[in-house]
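Bear in mind these aren't lab numbers, they're just calculated from the coordinates by the rules spelled out. Note that this is a predicted model, so its numbers are computed, not measured. All Cβ positions, even for glycine, are placed from backbone atoms using ideal geometry, and neighbour counts span all protein chains on display.
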């Protein structure tokens, strides 16, 4: 299966195919001239897949080396970025060379940021290996790293030259890592795709059902993301719909300590918390919060978090990228399968954080 992200300046394809990881070299050869390539990965994914990808690229005529860093959200920072820069310099990478991001969302965000800033930008490719990365973070050109103030506070908009998705990599994820990706999938059904929502309703919620439906739910999620990115590449309008649950979710990730609450888990909690308050204000239909809770619970996603510190969450939230002056744009779901922007004074967000 293939989707085209048909942006006017930087179009590229998303390829979704079981077993395609072993064909990486053939894929890259269609996109790039012979050159040096650095695979950026983490030690966990690297131990599973780096050699397979490296050998495939070398067979296709590329000069390949691997930079890996410790697995986890806590490593997605400027310290790791500086280590990556040093490695690229050591390998002699120039403006005509490239980076391949091999891993989950942390790897993709960090590798994309490195590629977009090294020598003011070299080209890169995304090979996402987690469900969260395959359905969301590898597509659309957002790169970034965390700071002590907020998640993804430092970053760029830079599109990859392509995205290669092998659903077979999901089989090597841990149970929690697989489940957390469903936070983003549930979000896509809620904000845009009723057919995806209906498919989720038909699934029994087990890891086996996720793997059985992987190609379909990845394709449908990517289609929503593709459509929104093409319409609003720089996140000023409709692309904000993708942030349903993220405003509160990112604050949870930052205050808990990066990596303690996984991204998809935080999104699920954020969707539930925001919906509960928005429903009470008449901004979302009666009963929708329970519908979201039931769907999240079916797949094993958390719908609450303790200890809940309203003041700490609010402080983290004021650094959110969706804040504009004294207002912030939140996303609501006025009915299943659609989303809308709800711009409010930023101090009103305290109401959305009250239990």
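So what is the relative contact order of region 175-353, in percent, for Cα pairs below 8 Å that sit 6 or more residues apart?
28
Tilt of helix 288-298 relative to the longest C-alpha principal axis of the chain, in degrees (0 to 90, nearest 10)?
For 288-298 against the chain, the angle is about 50 degrees.
Cα axis of helix 263-280 to longest principal axis of the chain: angle in degrees, 0 to 90, nearest 10?
The two axes meet at around 20 degrees.
In region 229-263, whose amide N lies under 11 Å from the spot 7 Å out along Cα-to-Cβ of residue 176? List them in ranges.
259-263
Let me make sure I get this right: for region 2-172, a, b and c are the square roots of the gyration tensor eigenvalues over alpha carbons, sorted descending. Under 1.5 in a/c it's rounded, otherwise prolate if a/b > b/c, else oblate. Which is it?
Here region 2-172 falls in the rounded category.
Ordered by packing density, taken as the mean number of other Cβ atoms within 10 Å over each peptide's residues, highest first, how do 49-56, 124-131, 258-265 rank?
Descending packing order for the listed peptides: 124-131, 258-265, 49-56.
Restricting things to alpha carbons, tell me how big region 100-154 is in terms of Rg and Dmax, in Å.
Rg, Dmax (Cα atoms, Å): 10.8, 31.
Where the centroid of each part is defined by its Cα atoms, how far is region 1-60 from region 173-213 in Å?
Comparing the Cα centres of region 1-60 and region 173-213, I get a distance of 25 Å.
Go ahead and estimate [θ] at 222 nm for the chain from helices alone: -39,500 (n - 2.57) per DSSP H run with n ≥ 4, summed, over the residue count, rounded to 500.
-12000 deg cm²/dmol
Using a basic spin-label model with each label point 7 Å from the Cα along Cα→Cβ, how many nm lie between residue 294 and residue 33?
Taking the simple label geometry, residue 294 and residue 33 are separated by 5.9 nm.
Counting pairs of alpha carbon atoms under 8 Å apart in space and at least six apart in sequence, what relative contact order in percent does the chain give?
15
Cα centroid distance between region 218-285 and region 293-353, in Å?
Here the answer is 8 Å between Cα centres.
For helix 78-91, what angle does its Cα long axis make with the longest principal axis of the chain, in degrees from 0 to 90 and rounded to 10?
Once rounded, one gets 10 degrees.
Kindly work out what percent of the DSSP beta bridges joining two residues of the chain are antiparallel, to the nearest 5.
Of the beta bridges lying entirely in the chain, close to 45 percent run antiparallel.
Between residue 147 and residue 281, what is 0.36 nm times their sequence separation minus the Cα-Cα distance? Round to one decimal in nm.
Taking residue 147 through residue 281 to full extension adds about 44.9 nm, to one decimal.
Mean 1/r over all different Cα pairs, inverted: what Kirkwood radius does region 175-353 give, in Å?
Over region 175-353, the inverse of the mean reciprocal pair distance is 16.3 Å.
Under a GNM of the chain (C-alpha, springs under 10 Å), which listed residue has the highest mean-square fluctuation: 207, 160, 345?
It is 345.
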